[in-house]
Amino acid sequence: MLLLLSLVSTSFISWRYQLTTAEIEIIEHLWIRMSDGVRLSAKVWLPVGARSKPVPSILEFIPYRKRDSYALRDHANHAWFAARGYACIRPDMRGHGDSEGVMLDEYSLREQEDALEVIEWLADQDWCTGKVGMMGLSWGGIASLQAATKQPPALKAVIAVGSSVDRYYDDAGYLVGGYPGQGLGWGGVMCGYCIRPPDPDVVGIKWREMWLERLEKTPLFIEKWLSHQLRDETWIQGSVCENFDQIKTPILGVSGWNDCWPNTMIRLIENIKSPITAISGPWGHVYPNLGGPGPKIGFLKLALDWWDTWLKENENDSMRENKFLAYIQTSHEPDQQARDRPGFWIKENKWPSDNSILKRYYLTKSCLVDCPNELVENIEICSPLTLGVSTGEYMPISGILELPADQSEDDSYSITFDTDKILKPISLLGTSKVYLKVSSNCTHGIVAARLCDVSPDGKSTLISYGILNLKLREGREKLSKITPDEFMDVCIRLNDTGWQLSPGRQLRLSLSSQLWPMAWPQPEEARLNICLSSCYLEIPTLQPSEMFSTNQLFTNPEASVPLPHQVLEESSGTRKISKDQETGELVYDVVSNGGEIKFTDINLIYSSNNSQHYMVKEGDPLSVKMIYIADFSFARGDWLVQTKSKLMVTCDEDFFFLKANISGIENNQIIYSRDWDVKVPRLVY
């Protein structure tokens with residue numbers, strides 16, 4: 001049941017909700033002034049009574065608009081915590097939502113300073129005990145870890161979900177060693193996010209002035225990112241892995257094997273000295289109480305126990321012990337739809353585990369064997385440019401055909417190495433690596449390695465993958481020359497995973513010289529030569545001492561009573577691969593309609609649409625093209641505002657070409673438009 005009281009003002013807006021167990025007050029908007037004068041707009045969920053009896057505070061700091069775009073998700077989590085005795089706050093980052101200023105880059109020093117100032121402001125509020133926790137998914141989790149490295153006194157605990165710790169290696173820049181088409185697209189979509197308008201019901205008549213400032217000053221983010229193709233200070237700044245030793249705050253880390261950043265949990269548990277619980281489940285880039293693939297878990301109850309332990313100092317030994325909880329996915333058929341993955345949980349109290357052993361498989365022609373190959377065998381790889389379209393989405397969120405498809409077709413155009421059929425289960429947990437002696441017939445080359453689980457009927461399910469640009473074989477900080485036909489010793493790191501192969505299955509290693517669109521093709525098609533006598537696969541096998549079902553470790557998933565809203569149009573999506581038989585061009589289209597939602601409390605209608613388009617002609621690596629489009633709409637009465645952004649990336653042998661446009665539209669009239677037409681040298685890619 002919902003009871004509603006409202007007080008409307010441009011400086012303070014509040015609502016009161018009666019949830020099933022407790023009454024909470026929602027402050028829809030208040031200003032927090034930063035040290036440079038910029039004001040951030042924040043939404044607060046308060047337990048009724050907190051003004052007379054202060055409670056700890058929970059901060060989520062992200063740029064994704066608290067009032068419309070992420071309002072439903074925010075409310076699902078934060079209203080739940082507020083009903084259980086916590087003040088929750090969601091500021092819009094500067095330049096986003098209803099906050100002032102302009103965002104000039106992600107994870108900037110100014111952004112990190114803003115987070116620290118918000119923490120300090122929170123600790124000083126009369127409804128806060130002075131103890132603050134920080135949480136978030138993706139950007140919010142990264143911001144939480146970044147804040148922990150600064151050690152603000154009031155920050156007592158962190159929950160980081162779906163986060164990265166190295167901006168160059170596995171964030172939106174240079175995914176696992178190859179520059180991804182989808183990473184390029186993120187640079188375009190960021191422009192679309194940053195040019196959305198504030199709400200005049202919150203900021204008043206200055207909304208148009210703030211909006212025009214965003215339209216005029218928002219940079220083409222991808223131009224900067226693509227101009228820094230080595231791991232220099234641009235990427236080091238904000239990379240949490242540079243400051244692991246500065247983290248003293250207790251960390252609850254949560255990630256998914258099907259997320260874009262599955263490596264973070266093991267990196268955290270191996271490197272930080274503060275109390276840590278690390279959890280790796282089967283999920284994509286989602287909160288594990290709200291999205292899949294499942295099984296979902298009672299994340300909010302888990303988080304509540306964490307907050308109660310570190311913010312209220314309740315005795316809970318299980319929350320104070322270091323541990324790694326990992327979901328071991330078991331063999332299953334490939335399925336691109338997000339649904340429950342079969343498997344079981346294991347618990348390790350330290351990592352590396354005493355139960356883990358590195359096992360080597362050596363490469364012979366088409367086989368993975370236990371003993372080194374003493375024969376001098378060479379094998380060539382020259383993959384089709386279109387190989388890789390079955391790899392799945394870089395960042396699975398919606399569940400619409402985003403997970404990897406059957407790898408059989410890509411395997412057929414790769415060089416594959418299989419074990420004999422497995423006689424007893426083999427469990428993997430951790431990091432797999434491939435060691436190769438390889439040469440290229442030109443001055444370029446990438447190697448993509450995919451680890452697959454092959455069923456008796458030949459279906460191939462992707463376990464993990466990794467990509468290495470051979471110019472970065474000696475480190476991501478420097479460019480290493482490739483001498484044609486000269487052998488190089490290289491190591492390809494695959495994404496971390498938890499997996500168990502069932503009896504009767506086969507483990508397959510597939511090697512290719514392309515993985516499009518995950519990796520942008522090199523300027524010329526390389527023919528790679530691999531000396532098999534010096535090559536092997538190393539996998540982290542595990543003998544689990546204990547196995548648990550999901551309900552033994554976690555409660556059922558929960559969320560708050562939904563924020564009042566009306567779905568005017570359901571969200572939908574399509575994924576289509578087509579080939580022009582005359583030109584030989586393959587087109588990979590991903591279209592997502594975010595639907596249309598009316599937020600009834602604020603009388604606002606919000607809608608979004610975005611699409612990705614990847615094109616390449618077989619045999620022509622310079623034909624590669626990527627187009628990203630993001631459109632948003634906001635309507636209330638006679639106020640209608642739309643934003644549009646488009647980025648197209650093409651290339652020749654020496655340059656990337658970036659053509660982009662942003663537009664602001666008010667009442668169906670374009671009031672601002674800006675174009676970019678720039679080129680960036682291809683130093684690494």
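Is there a residue being open to solvent by less than 20 Å² (accessible area, probe 1.4 Å), farther than 27 Å from Leu472 by Cβ, within 30 Å of the chain's Cα centre (by Cα) and not hydroxyl-bearing (Ser, Thr, Tyr) anywhere in segment 433-443? Spell out the reasoning first.
Of the residues in segment 433-443, the ones open to solvent by less than 20 Å² (accessible area, probe 1.4 Å) are 434, 436, 438-440, 442.
Narrowing the set further to residues that are farther than 27 Å from Leu472 by Cβ leaves none.
No, that holds for no residue.
For segment 419-458, list the strands (runs of 3 or more DSSP E) that sit wholly inside it and hold at least 3 residues that are more than 27 Å from Asn355 (Cα to Cα) and out of contact with any His (no Cβ under 8 Å at 6 or more places or on another chain); which are they? Walk me through how you get there before you give the answer.
Values: elements: 426-430, 433-440, 446-454.
Those strands (runs of 3 or more DSSP E) span 433-440, 446-454.
So which residues in segment 343-360 are touching a residue at least 24 places away in the same chain (Cβ under 8 Å) and surrounded by fewer than 19 Cβ atoms within 10 Å (Cβ to Cβ), if there are any at all?
Lys347, Asn349, Lys350, Pro352, Asn355, Ser356, Ile357, Leu358, Lys359, Arg360
Suppose we filter segment 203-214 for residues that are surrounded by 22 or more Cβ atoms within 10 Å (Cβ to Cβ) and either under 22 Å from Glu477 (Cβ atoms) or aliphatic (A, V, I, L, M) (or both); how many remain?
Of the residues in segment 203-214, 1 are surrounded by 22 or more Cβ atoms within 10 Å (Cβ to Cβ) and either under 22 Å from Glu477 (Cβ atoms) or aliphatic (A, V, I, L, M) (or both).
Would you mind finding the one in Arg214, Arg231 that is in a helix (DSSP H, G or I), of a type in the set (Lys, Arg) and in contact with a helix residue (DSSP H, G or I) (Cβ under 8 Å, 6 or more places away or on another chain)?
Only one candidate passes the filter, namely Arg214.
If you go through segment 475-488, how many residues are out of contact with any helix residue (DSSP H, G or I) (no Cβ under 7 Å at 6 or more places or on another chain) and modelled with pLDDT of 95 or more?
The number of residues fulfilling the criteria is 6.
Looking at Tyr685 and the list (1) surrounded by fewer than 18 Cβ atoms within 10 Å (Cβ to Cβ); (2) not in a strand (DSSP E or B), which single condition is not satisfied?
Result: Tyr685 passes all but (1).
Just to be sure I understand the filter: pairs with C-beta atoms under 6 Å, separated by 6 or more residues or on different chains, first member in segment 317-339 and closer than 24 Å to Asn271 by Cβ and in contact (Cβ under 8 Å) with a residue 24 or more places away in the chain, second member in a loop (DSSP other than H, G, I, E, B) and open to solvent by 50 Å² or more (accessible area, probe 1.4 Å). Which pairs pass?
So the pair list comes out as Lys323/Asn349.
Among the listed residues Ile467, Ile482, which satisfies the condition of being in a strand (DSSP E or B) and over 20 Å from Thr419 (Cα atoms)?
Ile467 is the lone residue from the list that is in a strand (DSSP E or B) and over 20 Å from Thr419 (Cα atoms).
Return the residues of segment 129-153 that are open to solvent by 10 Å² or more (accessible area, probe 1.4 Å) and either among the aromatic types (Phe, Trp, Tyr) or touching a Leu at 6+ places or on another chain (Cβ under 7 Å) (or both); say none if nothing qualifies.
Lys131, Lys150, Pro152
Can you tell me which residue among Lys659, Lys617 is touching a residue at least 24 places away in the same chain (Cβ under 8 Å) and open to solvent by 60 Å² or more (accessible area, probe 1.4 Å)?
Lys617
Here's the yes/no breakdown for (1) at negative phi; (2) among the β-branched types (Val, Ile, Thr); (3) open to solvent by 30 Å² or more (accessible area, probe 1.4 Å):
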| site | (1), (2), (3) |
| --- | --- |
| Ser383 | yes, no, no |
| Gly388 | no, no, no |
| Gly392 | no, no, no |
| Met395 | yes, no, yes |
| Ala405 | yes, no, no |
| Tyr413 | yes, no, yes |
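Quick check on my filter: what residues within segment 120-176 are part of a helix (DSSP H, G or I) and either under 12 Å from the mean Cα position of the chain (by Cα) or at pLDDT below 95 (or both)?
Passing the criteria: Trp139, Gly140, Gly141, Ile142, Arg167, Tyr168, Tyr169, Asp170, Leu175, Val176.
Please state which one of Pro54, Pro63 is more than 30 Å from Gly594 (Cα to Cα) and not hydrophobic (A, V, I, L, M, F, W, C).
After applying the criteria, what remains is Pro54.
One residue is enough: does segment 588-611 have a residue meeting the conditions within 18 Å of Cys194 (Cβ to Cβ), touching a residue at least 40 places away in the same chain (Cβ under 8 Å) and not hydroxyl-bearing (Ser, Thr, Tyr)?
Yes, that holds for at least one residue.
From Leu509, Leu563, which residue is open to solvent by less than 30 Å² (accessible area, probe 1.4 Å) and part of a strand (DSSP E or B)?
Leu509
Out of all the residues in segment 294-331, which are in contact with a Leu (Cβ under 7 Å, 6 or more places away or on another chain) and part of a loop (DSSP other than H, G, I, E, B)?
Across segment 294-331, the qualifying residue is only Ser331.
Determine whether Phe634 is closer than 30 Å to Glu213 by Cα, at pLDDT below 95, over 24 Å from the mean Cα position of the chain (by Cα) and assigned to a strand (DSSP E or B). Spell out the reasoning first.
Numbers: closer than 30 Å to Glu213 by Cα: yes; at pLDDT below 95: no; over 24 Å from the mean Cα position of the chain (by Cα): yes; assigned to a strand (DSSP E or B): yes.
The answer is no for Phe634.
Which is part of a loop (DSSP other than H, G, I, E, B), modelled with pLDDT under 95 and small (Gly, Ala, Ser), of Gly85, Gly97, Gly49, Gly101? Steps first, please.
On the way: Gly85 fails: modelled with pLDDT under 95; Gly97 fails: modelled with pLDDT under 95; Gly101 fails: modelled with pLDDT under 95.
Just a single option satisfies the conditions, and that option is Gly49.
The values are calculated or read from the model by the stated rules, or taken from the named source; none is laboratory data. Just so you know, these numbers come straight off a predicted model, no measurement behind them. Cβ coordinates were reconstructed from backbone atoms using ideal geometry, including for glycine residues, and neighbour counts include every protein chain displayed. Surface accessibility is based on the protein's heavy atoms, side chains included, excluding ligands, DNA and RNA. Shrake-Rupley method; radii C 1.70, N 1.55, O 1.52, S 1.80 Å.
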